[in-house]
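The structure appears right after this line, and notes come after that.
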Amino acid sequence: MLDERTLRRPTFTPGPEVVLGDGQTWTLPRPSLRLFPVRDADGRIAVGGGPSFGAEYEALMDDLAACDADDATSRLTIQFRMTALLLARNYHLADRDLRELLIVDAEDPHCRERWRTINQAMTGRAPKPSADGSAAP
């Protein structure tokens, strides 16, 4: 079994926590605020950007946005890449570890909630902890 604490990188940063496929709680990093100039529809310079995990991650976000909504395999491939990129910022993980952590299993009753939480974190919208300390909505 993987040991979340011993796999942490020295640069580990706190952020949204999610229970992954091995049943343990893992931490995804928080995005930083990244702003840049863009042209609006009238040709004027405006502010673009928002929560970001860097240029490589933004390229994956663009790929996901451009992906056919009916192409589940391509969308999931991009989501796997995005999540693996975020986990790699906080942890030393091998490919076999990612297979265990990021499994999509139709028989797992917690899988849908797991991926809902992952997707929220990937877009910088992770649930905020409640007064009791949980991240319940």
Note down the net charge around residue 64, summing +1 for each Lys or Arg and -1 for each Asp or Glu among other residues with Cβ under 12 Å from its Cβ. -3
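Express in % the proportion of alpha carbon pairs of segment 20-96 at distances exceeding 19 Å.
On the way: 1503 of 2926 pairs.
Looking at segment 20-96, the distances longer than 19 Å represent 51 percent of pairs.
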Relative contact order (percent) for segment 15-116, with alpha-carbon contacts under 8 angstrom and 6 or more residues of separation? 26
In degrees, nearest 10, the alpha-carbon axis of helix 111-122 is tilted away from the dominant principal axis of the alpha carbons of the chain by 40
Would you tally the net charge around residue 75, using a Cβ to Cβ cut-off of less than 10 Å, leaving residue 75 out, and scoring K and R as +1, D and E as -1? -4
If you average the alpha carbon positions of segment 17-70 and of segment 88-110, how far apart do those two centres end up, in angstrom? 21
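Rg to Rh for the chain: what is it, with Cα atoms only and Rh by Kirkwood?
Values: Rg = 16.3 Å, Rh = 16.4 Å.
We get a ratio of 1.00 for the chain.
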Taking θ as phi - 60°, what are the ³J(HN,Hα) couplings along segment 37-53 by the Karplus curve (6.51, -1.76, 1.60), each to the nearest whole Hz, with x for Gly and Pro? x, 9, 8, 7, 4, 8, x, 8, 6, 9, 8, x, x, x, x, 8, 10
Residue-normalised value, i.e. accessible area per residue, for segment 18-106 at 1.4 Å probe, in Å², stands at 60
Return the single residue from 51, 29, 109 with maximal mean-square fluctuation; model: Gaussian network over the chain, springs between Cα atoms under 10 Å. 109
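Sorted by accessible area (1.4 Å probe), largest first, how do 12, 36 line up?
Values: 12 50, 36 80 Å².
The most accessible residue leads, giving 36, 12.
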Sorting 103, 118 by accessible area (1.4 Å probe), largest first, what list results? 103, 118
Rank these by accessible area, largest first, 1.4 Å probe: 92, 110. 110, 92
Kindly report, to the nearest 10 Å², the accessible surface of residue 32 as traced by a 1.4 Å probe over protein heavy atoms only. 70
Go ahead and estimate [θ] at 222 nm for the chain from helices alone: -39,500 (n - 2.57) per DSSP H run with n ≥ 4, summed, over the residue count, rounded to 500. -11500 deg cm²/dmol
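With the full set of protein chains in place, find how many percent of the accessible area of the chain is carbon and sulfur; take the probe as 1.4 Å.
Working: 4700 of 8770 Å².
Summing carbon and sulfur atoms, their accessible area is 54 percent of the total for the chain.
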Globularity index of segment 42-82, i.e. its alpha-carbon radius of gyration over 2.2 N^0.38 Å: 1.43
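The values are calculated or read from the model by the stated rules, or taken from the named source; none is laboratory data. None of the values given here were measured: they were computed from a predicted structure. Using ideal geometry, Cβ is built from the backbone for each residue, glycine included, and neighbour counts are taken over all protein chains shown. Keep in mind that these areas ignore ligands, DNA and RNA; they rest on the heavy atoms of the full protein, side chains included. Shrake-Rupley method; radii C 1.70, N 1.55, O 1.52, S 1.80 Å.
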